[in-house]
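Notes follow once the structure below has been shown.
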Amino acid sequence: MEKGNLSIHSENILPIIKKWLYSDSDIFIREMVSNASDAILKLKKLAEIGEASNIPKDEIYAIHVRSDKEAKTLTFEDNGVGMTADEIREYINQIAFSGASAFLEKYKDKMDKDNEIIGHFGLGFYSCFMVANKVQIDTLSWQPGAEPAQWNCDGGIEYEMSAGERTTRGTTITLYINEESEEFLEEYNLKKILTKYCSFLPVEIFLNAQPEEENEADVSGNTDDQNADKNEDADIIDVDEADVPTTEPKKAPTPINDTNPLWQKAPNECTDEEYKAFYRKVFMDFNEPLFWIHLNMDYPFRLKGILYFPKLKHELEYIEGEVKLYNNQVFVADNIKEVIPEYLLLLKGVMDCPDLPLNVSRSFLQNDGYVKKMSGYISKKVADKLNSLYKKDREQYQSYWEDISPFIKYGCIKEQDFYDKIKNATLYKTTADDYATLEEFLERNKDKTDKKIFYVSNQQLQSQYIKLFKDQDLEAVYLTTQLDNPFISYVENYEQEKEIQFNRIDSDLTDALKQEKEESEEDKKQQEDMENLFRKALGNDKLKVNIETLKSEGISAVVLLSEQSRRMQEMSKAYGGLSGFPGMFDNEESLVLNRTNRLVNTLLGLKDDPDRKEDVNMITCQIYDLAMMSHKPLSNDQMTRFIERSNNILERIAKEK
């Protein structure tokens with residue numbers, strides 16, 4: 001057996017980092033600014049714990065990003081801790097040595113739990129070599145008596161270090177941009193990238209601010225109090241105000257980021273208008289959200305964020321959600337499924353978790369139990385919020401339902417725990433123009449339809465069936481979205497002990513719609529005759545025809561398709577024909593004629609009259625098409641024949657007049 005240490009060829013490290021470490025080349029900007037932020041936060045921490053007494057309490061910290069298209073340089077400057085020559089050797093020359101980790105370890109006994117230091121792996125700095133031919137560091141440490149230092153490297157394994165000329169505390173990193181990456185010198189691109197990654201960094205960031213603008217109090221360099229003192233001692237001279245030269249004050253530079261985003265505040269410190277304004281700012285959506293959930297926890301992991309339930313403009317819009325994930329206020333990625341439950345990706349929101357186990361590029365998460373616990377917590381908080389809304393103000397909750405139901409139904413399908421938590425606040429809109437939970441609907445209809453729940457999938461198409469139900473004081477629920485089919489299958493399966501079954505309103509005729517009547521021999525003969533009549537007229541020898549005595553006289557016929565057959569048909573279409581048998585579920589519809597309808601009775605009387613044969617055929621086809629139109633759309637050919645036949649019928653009526 002042989003044991004030893006793995007050897008690494010250092011000359012191969014940087015090329016690997018440059019090509020493979022980061023998925024997007026613009027990430028180097030995030031890494032440079034994050035490092036600058038860490039340098040400032042370290043200094044602030046040192047001052048807070050009494051380790052840096054030479055730092056003024058009112059010190060103003062900032063990060064400056066500047067581009068020079070002529071020199072082809074991009075610089076990142078901070079006034080943080082800076083580095084000594086020895087620290088450069090330790091932090092920069094040793095690849096994968098994390099200065100942030102070393103700092104946290106050194107002062108762990110004096111640090112509070114809210115660590116805001118971003119760095120973790122000690123690799124972020126090297127991302128700059130993806131775009132730079134040469135990198136220069138000019139730095140001066142915060143430590144009293146420290147000497148400035150300069151470091152240069154052209155991307156190989158060799159570097160040069162010498163005494164520097166910097167006179168102020170902090171670090172400036174200058175990137176000499178290569179020809180392929182000159183796009184990053186454009187101010188528009190820089191601002192776009194900085195906004196993407198650093199909009200909420202805890203230190204102010206300025207882009208291409210002029211040095212003389214950064215520290216000026218006013219155009220004269222004096223404060224208002226100093227000017228007032230001078231005026232008191234000056235002689236009063238009476239001159240025309242027009243002769244006094246005026247100078248327009250220069251506009252102070254504006255940081256590109258918000259250092260204290262709304263999610264960092266406690267929920268009770270935030271107003272509704274602030275939540276709405278933050279939503280508009282982050283998502284550029286000027287439609288107000290319905291409501292929001294403010295996440296704020298410290299144990300067993302730190303997590304803050306705001307999830308918004310947006311108002312949908314159309315049914316399919318819910319697939320366009322966006323949840324932004326941050327790590328210590330630095331943007332990581334959108335819609336990371338490991339942390340955020342998949343169904344919540346339909347929402348819009350921001351989440352910041354400093355404890356996320358990120359990989360080296362901070363772009364993806366290492367999948368572990370910690371992340372799963374976090375996902376479960378978020379799901380629980382959402383369910384708690386929805387249940388609270390339902391219990392406190394059901395009327396308002398109902399007003400949200402059409403917009404939030406896709407999120408809830410999708411969540412129920414994806415997570416059993418979520419279904420258990422939210423099922424008592426899951427609503428169904430009914431044909432009685434109200435909303436009911438599953439239990440409420442079953443209770444008030446137990447004497448009419450027992451455990452069958454009839455539903456409407458297309459209110460306009462199935463209007464005839466709805467009328468049938470309403471005429472007999474029966475109820476159905478509206479299930480009209482694409483999610484509803486898998487949702488009701490899930491509910492049926494999960495609630496098996498209740499033996500409930502969802503049936504589309506055109507799948508069956510409940511006994512409550514029929515008159516009680518014993519079938520006679522004459523009835524059997526009529527049914528046989530009508531079946532033959534319709535099969536012949538329609539050219540369909542497999543058509544099923546039944547005659548029922550319905551309570552409603554105004555409807556001549558309806559088409560029924562059993563719920564099981566309909567679901568199998570839809571499954572077959574979804575998978576391009578099950579098991580290689582396309583069409584195996586076709587022709588399952590049955591035509592139900594209404595014995596109490598006058599037109600059907602007229603047809604029964606005319607069917608054997610040889611002089612009315614053409615009329616009988618026309619009436620037969622028209623009854624069938626009218627019934628089918630309330631069941632599903634007619635094909636192009638069927639619709640053409642229906643229109644031609646309708647015109648023919650109208651012409652005959654007109655001639656008779």
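The values are calculated or read from the model by the stated rules, or taken from the named source; none is laboratory data. All values reported here derive from a predicted model rather than from experimental measurement. Note that we place each Cβ from the backbone using ideal geometry, even for glycine, and neighbour counts take in every protein chain shown. These accessible areas exclude ligands, DNA and RNA; they are computed on the full protein's heavy atoms, side chains included. Shrake-Rupley method; radii C 1.70, N 1.55, O 1.52, S 1.80 Å.
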* Asked: Of I453, I488, which residue is over 20 Å from M628 (Cβ atoms), touching a residue at least 12 places away in the same chain (Cβ under 8 Å) and not in a helix (DSSP H, G or I)?
  -> I453
* Tally of residues being surrounded by 17 or more Cβ atoms within 10 Å (Cβ to Cβ) and of a type in the set (V, I, T) across segment 518-551 -> 2
* Within segment 265-295, how many residues turn out to be buried (at least 16 other Cβ atoms within 10 Å of the Cβ) and within 22 Å of the chain's Cα centre (by Cα)? -> 12
* Pairs where the first residue, in segment 253-271, is closer than 17 Å to A209 by Cβ and touching a residue at least 24 places away in the same chain (Cβ under 8 Å) and the second is of a type outside the set (G, A, S) and exposed (fewer than 14 other Cβ atoms within 10 Å of the Cβ), C-beta under 8 Å, 6+ apart -> P253/Q210; P253/E213; P253/E214
* Asked: Being open to solvent by less than 40 Å² (accessible area, probe 1.4 Å) and in contact with a helix residue (DSSP H, G or I) (Cβ under 9 Å, 6 or more places away or on another chain), is that true of even one residue in segment 562-570?
  -> no
* Yes or no: K467 part of a loop (DSSP other than H, G, I, E, B) and closer than 16 Å to I505 by Cα? -> no
* Asked: Taking interchain pairs and intrachain pairs at least six residues apart, which have beta carbon atoms under 6 angstrom, with the first residue in segment 275-291 and closer than 22 Å to Y397 by Cβ and the second assigned to a helix (DSSP H, G or I)?
  -> E288/K276; P289/Y279; L290/Y400; L290/D403
* To do: May I ask you to list pairs of residues, at least six apart or on different chains, whose Cβ atoms are under 8 Å apart, with the first in segment 185-202 being farther than 14 Å from H64 by Cβ and in contact (Cβ under 8 Å) with a residue 40 or more places away in the chain and the second being polar (S, T, N, Q) and part of a helix (DSSP H, G or I)?
  => P202/S37
* Inside segment 56-94, can you point out the residues that are surrounded by fewer than 16 Cβ atoms within 10 Å (Cβ to Cβ) and assigned to a loop (DSSP other than H, G, I, E, B)? -> P56, K57, D58, E59, I60, K69, E70, A71, N93, Q94
* To do: Would you be able to say whether some residue in segment 643-657 is more than 13 Å from A537 (Cβ to Cβ), modelled with pLDDT of 90 or more, among the small types (G, A, S) and open to solvent by less than 50 Å² (accessible area, probe 1.4 Å)?
  => yes
* **Flag if K196 is among the charged types (D, E, K, R) and at pLDDT 95 or above** => no
* Asked: In segment 410-430, which residues are outside any helix (DSSP H, G or I) and under 22 Å from E443 (Cα atoms)?
  -> T426, L427, Y428, K429, T430
* To do: Kindly indicate whether any position in segment 566-585 is among the hydroxyl-bearing types (S, T, Y), outside any helix (DSSP H, G or I), modelled with pLDDT under 90 and over 25 Å from L468 (Cα atoms).
  => yes
* Structure fact -> Note on segment 69-116: residues modelled with pLDDT under 85 and among the aromatic types (F, W, Y) are Y91, F97, F103, Y107
* within 25 Å of S463 (Cβ to Cβ) and open to solvent by 10 Å² or more (accessible area, probe 1.4 Å), is that true of A436? -> no
* Asked: Just one of the numbered conditions (1) open to solvent by less than 70 Å² (accessible area, probe 1.4 Å); (2) under 20 Å from E342 (Cα atoms) is not true of K421; which one?
  -> (1)
* To do: May I ask you to say which residue of E183, E147 is touching a helix residue (DSSP H, G or I) at 6+ places or on another chain (Cβ under 8 Å) and within 29 Å of A47 (Cβ to Cβ)?
  => E147
* For segment 471-483, does any single residue satisfy the condition of being touching a residue at least 12 places away in the same chain (Cβ under 8 Å), within 20 Å of L626 (Cβ to Cβ) and surrounded by 13 or more Cβ atoms within 10 Å (Cβ to Cβ)? -> yes
* Asked: Quick one: which of L175, L140 is aliphatic (A, V, I, L, M), in contact with a Pro (Cβ under 9 Å, 6 or more places away or on another chain) and touching a residue at least 40 places away in the same chain (Cβ under 8 Å)?
  -> L140
* What are the residue pairs meeting all of these: first residue in segment 47-74, first residue touching a residue at least 24 places away in the same chain (Cβ under 8 Å), second residue of a type in the set (D, E, K, R) and surrounded by 14 or more Cβ atoms within 10 Å (Cβ to Cβ), Cβ atoms under 6 Å, and 6 or more apart or on different chains? -> A62/E204; I63/D78; H64/E77
* Asked: Scanning segment 145-165 for residues that are touching a residue at least 60 places away in the same chain (Cβ under 8 Å) and assigned to a loop (DSSP other than H, G, I, E, B), which turns out nearest to I177 (Cα to Cα)?
  -> G155
* **Among the candidates N601, N617, residue that is out of contact with any His (no Cβ under 9 Å at 6 or more places or on another chain), open to solvent by 60 Å² or more (accessible area, probe 1.4 Å), within 17 Å of L543 (Cβ to Cβ) and not in a loop (DSSP other than H, G, I, E, B)** => N617
* From the list Q460, Q515, pick out the single residue that is in contact (Cβ under 8 Å) with a residue 40 or more places away in the chain, out of contact with any helix residue (DSSP H, G or I) (no Cβ under 8 Å at 6 or more places or on another chain) and either of a type outside the set (D, E, K, R) or exposed (fewer than 13 other Cβ atoms within 10 Å of the Cβ) (or both). => Q515
* To do: Mind listing just one residue for me: the one in segment 439-457 that is more than 19 Å from N485 (Cα to Cα) and open to solvent by 50 Å² or more (accessible area, probe 1.4 Å) and, of those, modelled with the lowest pLDDT?
  => D450
